[in-house]
Amino acid sequence: MMQQLDVEACRRQFPGLARQVGGRPAVFFDGPGGSQVPSVVIDAMTDCLTHRNANDGGLFATSREVGEVVNSARQAVADLIGAPDPDEVVFGQNMTTLTFALSRSLARTWRQGDEVVVTRLDHDANVTPWVLAAEEAGAVVRVLDIDPTNCTLRLDQFQNLLTDRTRLVAVGLASNAVGTVNPIGEMVAAARRVGALVFVDAVHIVPHRPVDVMALGADFLACSCYKFFGPHLGVLWGRREHLERLPAYKVRPAPDSIPGRWMTGTPSFEAIAGTRAAVDYLAGIGGGSDRGVALATGYAAIQGYENALAEQFLDGIARLPAWRVWGITDSARLADRVPTFGLTHRTKPAAEVAGILGEQGYFVWNGHFYAPGLIDAIGLAKAGMLRVGFLHYNTASEIDRLLNVLGDLGT
Ligand SMILES: Cc1ncc(COP(=O)(O)O)c(C=O)c1O
């Protein structure tokens, strides 16, 4: 039987959730922009700064210990994403910076007339780095469209975009604007058949679902720790053969081995320490001493719990005719979405609603969420959307209260 999520036990671990606005508990529906962090993450960062504050690579205690912090965090992230080798895990400032760095390196292997495929659904951090790199190499960019009625990728058109000149396919696992989960297994297989590499943006999936780079068959994958209960840090995973072979932009004294050749400058050791703690927090939801098994159990509990929240929200919002949910709205298709909802009101601008909600202590985002391709395709470039995102620390009662406020905004 699937383990149930004990939401109150989870919530107690997040000191930030105790915040009040106007005497009422704040409601954190801003997870897609960044999650709250549990005490274990804060403690790990404090411990690193208090007791292990040195650069790594030295022959003294604090330096050795900070090196151990980095190695253990690499192993934790490898467990999180199913990477076979912790040396394939690179830490960097954030997903965007890591993707720009990789795109420049990959572009040096591209020739005039080579091709790159991106999608209209993706966050721009998985589009523009590739477009700029393609421009520099004289490569052609092809864009996989979406079906605007439910904000899903036009997988039927994907095959037509692939040729024997396709060098890279860049695709996200889940949309940070509307929550669509992309069934990228087929895409990876098709890309491989034409000899293209696949870069996967996993930023929006990791807080919600397990990721297994080996099962995906991808070549690279990136995610952001501040979305999965950790600090502001980015992770890039790449197959050893690519990370060793590609030209890295590095300074001369930096190691030529992996992952050092991809880690420019001195990293945030405290954020790396916090990231390990964030992975252990997720594993702690599952429990048990084998981290891989614990993560799988924890994610199953998270997914079951979040699906119930998503269903509750979809049922409730369907009764409010002034609201439109963009993306998949069919409760029978919860496997194809995470509980991130892009919404518009018939008459009230998203910015106005976000302001009203903010004053009442509901933290939600409004705008384009750095997903310009999608927002243009559904005609919301000017108005933007309201985005309400649930994480496993949100509750059914918070959603009920939100639905009441959304209903009170009228038609
Ligand atoms: C799906 C997705 N990809 C990429 C990014 C960029 O991540 P970062 O802020 O770590 O650069 C974000 C950030 O919101 C995102 O949601």
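The values are calculated or read from the model by the stated rules, or taken from the named source; none is laboratory data. The structure presented is a predicted model; accordingly, all values stated were derived computationally and were not measured. Counting neighbours? That spans all protein chains shown, and the Cβs are built from the backbone with ideal geometry, glycine included.
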Would you point out which residue out of Val178, Val188, Val169, Val140 is under 18 Å from Asp212 (Cβ atoms), in contact with a strand residue (DSSP E or B) (Cβ under 7 Å, 6 or more places away or on another chain) and not aromatic (Phe, Trp, Tyr)? Val188
If you check Thr99, Thr109, which single one turns out to be closer than 26 Å to Gly260 by Cα, part of a loop (DSSP other than H, G, I, E, B) and not small (Gly, Ala, Ser)? Thr109
When restricted to Ala350, Ala310, Ala377, Ala354, the only residue hydrophobic (A, V, I, L, M, F, W, C) and either out of contact with any Gly (no Cβ under 9 Å at 6 or more places or on another chain) or in the same structural domain as Val127 (by TED's automatic domain parsing) (or both) is Ala377
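For every residue, the table says whether it meets (1) within 18 Å of the chain's Cα centre (by Cα); (2) in contact (Cβ under 8 Å) with a residue 60 or more places away in the chain; (3) part of a loop (DSSP other than H, G, I, E, B).
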residue	(1), (2), (3)
Val203	yes, yes, yes
Pro247	no, yes, yes
Ile258	no, yes, yes
Ile272	yes, yes, no
Ala278	yes, yes, no
Show me the strands (runs of 3 or more DSSP E) found entirely inside region 300-408 where at least 2 residues are in contact with a strand residue (DSSP E or B) (Cβ under 8 Å, 6 or more places away or on another chain) and farther than 27 Å from Gln20 by Cβ. 323-326, 340-345
Looking only at region 126-185, and only at residues there that are buried (at least 21 other Cβ atoms within 10 Å of the Cβ), polar (S, T, N, Q) and under 28 Å from Arg333 (Cα atoms), the one that is nearest to the ligand (Cβ to nearest atom): Asn176
Within region 79-95, work out how many residues are surrounded by fewer than 21 Cβ atoms within 10 Å (Cβ to Cβ) and either assigned to a loop (DSSP other than H, G, I, E, B) or within 16 Å of the ligand (Cβ to nearest atom) (or both). 5
